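Structure, as structure tokens:
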Amino acid sequence: MGNERFIIDTDTLIAPYRSFYPFDMVPDFWSFIEQNILSKKIMILDKVYNEITDGGDQLSNWLADIKNIEMINCRNSTIISHYAKILDYINISPLYRKPEALFDWASDKTADAWLIAAAITYSCTVITFEISNASLNDKQPTRDVKIPDICKQFNVKCENLYYMMRHLGFKRK
């Protein structure tokens, strides 16, 4: 189905774990994700890895137990350059209320800008459950910056988990 590679947002693993693909009911899903991480079709940013493995739950143990996982290091100079451009855009855009929007995305606890910067660097599709802010306008700036909106601004493809599952050929056994 092509050479498309994916980089996943934290919610792409947390939401299935907590709600619709629990380990005990759909182990095939987790094997599928692991296989695609190891084959580098699904890429993991170090900040996303840390957010998940800090959870102290079954999901964090599962991810930490994947041997030979290759994470994208956000300290890569090209990623840092793209990250700066993303924050500059948020800072100058009339769509976002400053300083709140910028502060939220520049926080050490937020991987979103790094995720998009890595997607630009490695030509990946961002996978997230976030949806675009349909009411974005410069007359009512928001502090609520959404991954799909920033992806669109930077010409990065952004899709949801089901797109990736279909593309990579997930089938329940």
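The values are calculated or read from the model by the stated rules, or taken from the named source; none is laboratory data. In this text the structure is predicted, and so the values were computed from the model without any measurement. Neighbour counts run over all protein chains shown; Cβ positions are idealised from the backbone, glycine included. Side chains are part of the model used for accessible areas, which takes the heavy atoms of the whole protein and leaves out ligands, DNA and RNA. Shrake-Rupley method; radii C 1.70, N 1.55, O 1.52, S 1.80 Å.
Summary table
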read-out: Given charges at Cβ of Lys, Arg, Asp, Glu: the chain dipole, positive-most of 103, 120, 53; value: 120
read-out: For q = 0.14, 0.23, 0.26 Å⁻¹, Debye-computed log10 I/I(0) when each Cα of segment 1-79 counts as one equal scatterer; value: -0.45, -1.20, -1.47
read-out: For the chain: accessible area per residue (Å², 1.4 Å); value: 54 Å²
read-out: For segment 97-173, radius of gyration divided by Kirkwood radius, i.e. Rg to Rh on alpha-carbons; value: 1.04
read-out: Extension reserve of the residue 81-residue 28 stretch, reckoned as 0.36 nm per residue once the Cα distance is removed; value: 15.3 nm
read-out: Cα centre as origin, Lys/Arg/Asp/Glu Cβ charges: segment 79-168 dipole, Debye; value: 140 debye
read-out: Listed pairs 41/152; 85/146; 98/152; 85/139; 47/157 exceeding 18 Å between Cα atoms; value: 41/152; 98/152; 85/139; 47/157
read-out: Value of Rg/Rh across the chain [Cα atoms, Kirkwood radius]; value: 0.97
read-out: Modelled FRET efficiency - R0 22 Å, residue 35 with residue 57, Cβ distances, 0.05 increments; value: 0.50
read-out: Magnitude of the charge dipole, the chain, Cβ model with Lys/Arg +1 and Asp/Glu -1, debye to 20; value: 480 debye
read-out: Carbon plus sulfur fraction of accessible area for the chain, probe 1.4 Å, in percent; value: 49 percent
read-out: Interchain or long-range residues, amide H under 5 Å from residue 7's placed H; value: 43, 125, 126, 127
read-out: Cys residues of the chain counted as unpaired, since no other Cys beta-carbon is under 4.7 Å; value: 74, 124
read-out: Accessible area of residue 145 in the full protein assembly, 1.4 Å probe (Å², nearest 10); value: 10 Å²
